[in-house]
Every structure is written in structure tokens, then in C-alpha cells.
Amino acid sequence: MNSLYYQKRLSRNIGDKFFTSLSVICALIAILPLIFLVTYILIKGGSQITPELFTLEPNPPGDDLDAGGINPALIGTLIITTIASIIAIPVGVGGGIYLAEYSKGGAFSRFIRFGVNVLAGVPSIIAGVFIYALIVSTKILFGSMYSGLAGGMALSILMLPTVIKTTDEGLKLVPNELRYASLGVGASMYTTILKVTLPSAFRSIATGVVLGIARAAGETAPLIFTALFSYYYITGFGDLFYEMGSLAVLIYNFALEPYDAQNKLAWAASFILVLSILSVNIFSRILAAFTEKTKRV
Amino acid sequence: MEEKLTLFKNRKRFGIEKNIDIIFKNTSLVLSSFVAIILLGIILVVFFQSFESFSRYGLKFLVTSEWNPVKDEYGAFTAIYGTLVTSFLSLLITIPLGVGTAIFITEDFVPKVAREIIGSFVELLAAIPSVVLGLWAIFVMEPFLRAFFVFLHNFFGWIPLFSTEPTGRNSLLAILILVVMLLPIVTSIARDSLNQVPKKLRNAAYGIGASRWKTIFSVILPAALSGIMAGVLLALGRAMGETMAVTMIIGNSNAFSWSLLSPGYTISSMLANQFGEADGSQVSSLFYAAFVLMILSLVVNIFAQWLVKKFSLKY
């Protein structure tokens, strides 16, 4: 009769309690530093934000009173990630279209899918080393060495696997009936893809691509010896072929400076970088959740 | 009959449209092969650039730790050792924490809303750039943990791992910041694979009288093991290739030491530090080190993919 009731002292119940509290402790240890980290970045960085930050050039380290702003780095990050997107999105979407729409699961497509996964795991600094060897040291781009263009190319290598993967998976989710219907009324393959399958997979592809861009925007390692860094305003198209600053490299350089003013600038730059990356992430997550809901109906 | 034939003729596509179709297909084929070209290009370029150093030092490069641009003597043992030690030790800390957290958010200890908030919060953190983690490590974590390191040295200094006086940046800090970086990866992958275990299995275990943790240990974790292992390997690849956060906090010293409380080096931090200013045979040696790093991460990655394929869930 007693055995029908919950008995605290039973060894299995004591063991259960023990492991439950262990997992709670694990979760606490895991989550607390993360909360601490985010709030610290937001508070410490947010307190450094001033209007001049967005308009001034950073001053060279040494002047402890006034570090200037981060305008060139901000614009540089925008330009470098744009270059990376211009390269990676067409190549990635095109490659994804081949994998999802044309390939029939043969050796070639299996090899490419495997290659995409391997490329996604290549350390980001190796992408920088590769572009350094291929472009910076050979001065192949009109004689320029370190340049924003080279930096953008290095980042595009990191974006490419994400774009291909999301296109491939997004297109695979499109129901085959749509394709049959389109082909059945006499549309050719490319019309079907461009007018039917791509548009209906657009949202999931766009979400993945935007997340990939956000990740690339925060990458530092591929830029430190391809785009290098610059203290000066970006004034024209020609600046693409010279050293270009970026928020990520600014944070790296200025965090290691012994001067307080530069360190503060690094915090301000991290605030802007983290805030924009997190808001892009949250926004696309909401969008994805919304899409899922409408699909279910 | 005549009418039917003309209809049939008209069903042929126009030549231009046919050509566009073929061009479109082949363009996408070429674009998809870019992945293979880039991958092979990376391997070949890094290999050929390291050839000079490879032919001069051979495999001795991997086991000597002299790194002297003045005397032109190079060996990457310190960096390779640092890469392996930081990544493996950080994983050793991350795995129980990450899997424990994943169990916490897949079991019903707290309401579903709270679990989902924690889960998406952890996933968001994977998006924080590592350079920002490095900044945080320099200005917040290092001062915060300094007293703890001194304590560690005073009481456990007889263990070689803690034998040096802690002075600022060191390998242990790099390991800890890697833990912060890897936790979101391991947790979210472990959570996904735990969620994929069918409910039937859990109900069956409960039905024959297993307690909650008996079920977790004997049924759910084994069923999710392949996914978790793949996530762990993915995290290992990340840890070995991670550059910025580690470079900023590890201290960047090529002097070999068993102690975790002394400054260290990893391959990627060596590349980040020296690549910009290197010339001559130093460049080739750096490429050699980069090649070693690439092989390490390739092996880990390919093994992870193989594991997923081999042991993916069969329910």
C-alpha cells in the first residue's frame, strides 16, 4: 500500500533530486556569464555614445583626452560587408539553385554539399591567409595591396557556405506540386525557378542570407591582414583600393591600446556592432516565426 | 490530321528560350562548383606557400618551439600545443555545462515560456562577434578572476598546470573565454538533438517505471548522442580556429610552459599577430602553421560529418 505513494527517501528519488539540481546549476553557470556579458556591453558601450562618434575620424592613439569618432570604421564595415554580399549572394544563390533544382543526388552534388559543410568549418583566419596570398601579396588588383576590396573578398568566402545552404534548404521545402503545375502549363525550367520556386522560398532564403551577413559583419580575423585599418574618412570610390577600417578591426586595435580614450572608443564600437547584429537576428527570428505560423494555416 | 500536325509543331519551344534554359542551368552548375574551387584553392595555395618552410624543416617544425625571425629558426610546437590544449580543455568544461543546460531547457522543470526564452537567448549569444568577447575578457573577466588565479597558484602551485605566478593575460583566460563562446553552440545543438528524440521512447521508459533521470541517462541521452557528438566536434573545430578572442587574452608568448597561468600562443593567434609584419621565410613558416591548423580543422569537420551520417537517428 505504501509503495503507491511518493517516498522521498527512496534512493531513486534522492538521485533524481540530485541530478535535477545539478542541471539547474549547470544552466545557471552557463547563463549568468552570458547575461552579465550582454548587459555589460550594452551599459558600458551605450554610455560612450555621442553624436560626434558617428561623424569624426578616430584620433591616432596617444592623445588621451579625445579619441574622436568611428565614422570611417562604420562606413568601412558597411562597404566591406556590401562587397562580400555582392560576391557571395549571386554565387551562393546560383549554386543553391543547382543543388536543389537540377542535381539528382549524384556524386557531384554530394561532393558540393560536403564541400559546403567543410568550407563552413574552415577557420575564418584561413580565409584571410588565402586572400592575402592570392590578392594582397601578389598586388593583382591594380597594384593595390591591403584594400577594402580584398577584405570584402575574404568575408565573402565565409558567407558563401551559409548562402548556399539556406538557398538549398529553402528551395527543397517548396512543394513539388508547384513545380509540376508550372512545368505542366508549359513554362521552361528557368521560368519555373525564377517565377515560381524562388519567390515562394524567398522569405526563408532572405532570413538565412541576412543572418549570414550579420555574422560576416562581426568577423575580424579575415580582415586584419586583408583590409587592415585606416584612420581616415572614406571619400570616394578610389578608396576601395586602399586600406579600409572596420568596426571589428577598430575594436581589436583599440582594445589593445594602453590609452583609456581608445578603449572607450572600442566599447562604443562594440555597442553599435552588437546592437545591430542582435537586432538583425531578433528581427529575422520574428520574421521566420511569423512565416511558419502563416504556413501552418 | 493536317491541323493536329501544326499544333504539334507549335508545341516546340523557341530556340532562344531553349538556349536561355541551357545557359541558366550551366551558370548555376558553374556557380555551385565555385565552392569546390575555393576549397581546393585554399588548400593548394596554403600548401604551396608553405612549401619552402616545409622542405627546410619538415616534420621537425611540429615538435620544436624555437620561433626566431632573427636567426631564421622556426618551429611551431608552442602554438600547436596551445591550440590543442585550449580547445580540448575548453570543450571539457563546455560539454557538461552545455549538455546540462540543454537538458534543463528540454525537461519540464520550468514553464515552457521561460524555457523558450532561455533557449533563444542562448542562441542569440552565438551571434556576438568574438572580438567583442575578447574586449570583454580583457577589461572585465581578467580583473574579475585575478584573485582567483592567485588563489589557484598559491594552493595548487605544486601542480605543473598552475606553477607560474599569474600576471595578467594567460592561457586559462583563453580557455574560459572559449567556454563562453562554445556554450551557445553546444547547448543549442544538444537541445535540438534532445528535442528530436521521439516522445514514445520517454513514455515507454516512464511506463515501465523508470525515474526521470534514469530515463534521461539510459534512453534519451543515448538516443541523442550522435547529434550531441556532432555538435561537440563542430565546437571543437570552432575552438581550434577561433582567433580574435583568444589572441586578445592569451598573452601571445612563444615561450613554452606547461602552466595554464602563463601566457601562451595558438596557431591562429600567431597568424593574427605576425602575418601583417612578416617577410622572407617567416611568411612561409606562418603558412606552414596555417596549413597545420587547416588540416586539424578539416579532420575534425570531416569526422563530424561522417559521424552524423553514420549514426543519425533511425526512429
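No value in this document is a laboratory result; all are computed from the given coordinates. As the structure is a computational prediction, the values presented were derived from the model and not from experiment. No Cβ is skipped: glycine too gets one built from the backbone with ideal geometry, and neighbour counts run over all protein chains shown.
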Compute a Gaussian network model of chain A, connecting alpha carbons closer than 10 Å, and tell me which residue from A:GLY76, A:GLY68, A:GLY106 fluctuates the most. A:GLY106
For chain B, modelled as a GNM with alpha-carbon contacts under 10 angstrom, which of B:VAL180, B:VAL46, B:VAL70 fluctuates the most? B:VAL70
About its Cα centre, chain A carries a charge dipole, from +1 on Lys and Arg Cβ atoms and -1 on Asp and Glu Cβ atoms, whose size in debye to the nearest 20 is 1880 debye
With springs only between Cα atoms under 10 Å apart, run a GNM on chain A and tell me which of A:GLU52, A:GLU219, A:GLU169 wobbles the most. A:GLU52
Just to check, using Stokes-Einstein with a Kirkwood Rh over alpha carbon pairs, what's the diffusion coefficient of region B:43-155 at 20 °C and 1.002 mPa s in µm²/s? 114 µm²/s
Taking R0 as 45 Å and r as the Cβ-Cβ distance between B:VAL63 and A:THR138, the FRET efficiency 1/(1 + (r/R0)^6), rounded to the nearest 0.05, comes to 0.90
In what sequence do B:THR106, A:THR50 fall when counting other Cβ within 10 Å, fewest first? A:THR50, B:THR106
With a point put 7 Å past each Cα toward its Cβ, work out how far B:ALA114 is from A:ILE86 in nm, to one decimal. 5.1 nm
Sparse-neighbourhood loop hits (chymotrypsin sites (Phe, Trp or Tyr not before Pro), region A:1-40; DSSP loop; Cβ within 10 Å at most 14 others) -> A:TYR5, A:TYR6
Partner chain coverage, peptide B:105-112 - average Cβ within 10 angstrom: 2
Which value at 222 nm does the protein assembly as shown reach when only helices count, each DSSP H run of 4 or more adding -39,500 (n - 2.57), with the total divided by all residues and rounded to the nearest 500 deg cm²/dmol? -22500 deg cm²/dmol
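Using only the Cα atoms of region B:95-204, build the gyration tensor, take square roots of its eigenvalues as a ≥ b ≥ c, and label the shape rounded, prolate or oblate: rounded if a/c is under 1.5, else prolate if a/b is larger than b/c, else oblate.
Prolate.
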Alpha carbon convex hull of chain A, projected area averaged over orientations, nm²: 25.5 nm²
Nearby aspartates and glutamates by direct alpha-carbon distance to B:LYS18 (threshold 19 angstrom, same-chain neighbours under 8 apart not counted): A:GLU101
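Quick one: plug the Kirkwood hydrodynamic radius of region B:105-150 (C-alpha pairs) into Stokes-Einstein at 37 °C, 0.692 mPa s, and report D in µm²/s.
The diffusion coefficient I find is 252 µm²/s.
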Counting other beta carbons within 10 Å of each Cβ, put B:TRP213, A:TRP267, B:TRP306, B:TRP136 in order, fewest first. B:TRP306, B:TRP213, A:TRP267, B:TRP136
Check which residues have an amide H placed less than 5 Å from B:GLU73's amide H, if you skip close sequence neighbours. B:ASN68
Treating the beta-carbon of each Lys and Arg as +1 and of each Asp and Glu as -1, no other charges, what is the dipole magnitude of region A:216-297 about its Cα centre, to the nearest 20 debye? 660 debye
How large is the convex hull of the C-alpha atoms of region A:72-160 per residue, in Å³? 108 Å³
Of A:LYS8/B:LYS309; A:LYS104/B:LYS199; A:LYS172/B:LYS200; B:LYS200/B:LYS310, those spanning more than 32 Å from alpha-carbon to alpha-carbon: A:LYS8/B:LYS309; A:LYS104/B:LYS199
For the residue pair B:ILE20 and A:LEU194, what label-to-label distance in nm results when each label sits 7 Å from Cα along the Cα-to-beta-carbon direction? 0.5 nm
Within 10 Å of each Cβ in peptide A:128-141, how many partner chain Cβ atoms are there on average? Round it to a whole number, please. 4
Work out the length of the dipole vector of the protein assembly as shown about its Cα centre, built from +1 on the beta-carbon of each Lys and Arg and -1 on the beta-carbon of each Asp and Glu, and round it to the nearest 20 debye. 3400 debye
Please return the longest stretch of chain B lacking exposed loop sites, where trypsin sites (Lys or Arg not before Pro) count only if DSSP places them in a loop and at most 16 other Cβ atoms lie within 10 Å. B:72-313
Share (percent) of C-alpha pair distances in region A:170-296 greater than 22 Å works out to 58 percent
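Out of the trypsin sites (Lys or Arg not before Pro) in region A:1-64, which ones are loop residues according to DSSP with at most 11 other C-beta atoms within 10 Å?
Passing both the DSSP loop test and the Cβ count: A:LYS8, A:ARG9.
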Rg over Rh, two decimals, the protein assembly as shown (C-alpha only, Kirkwood Rh): 1.01
Let me know the mean shielding of A:212-224 by other chains, meaning the per-residue number of their Cβ atoms within 10 Å of its Cβ. 4
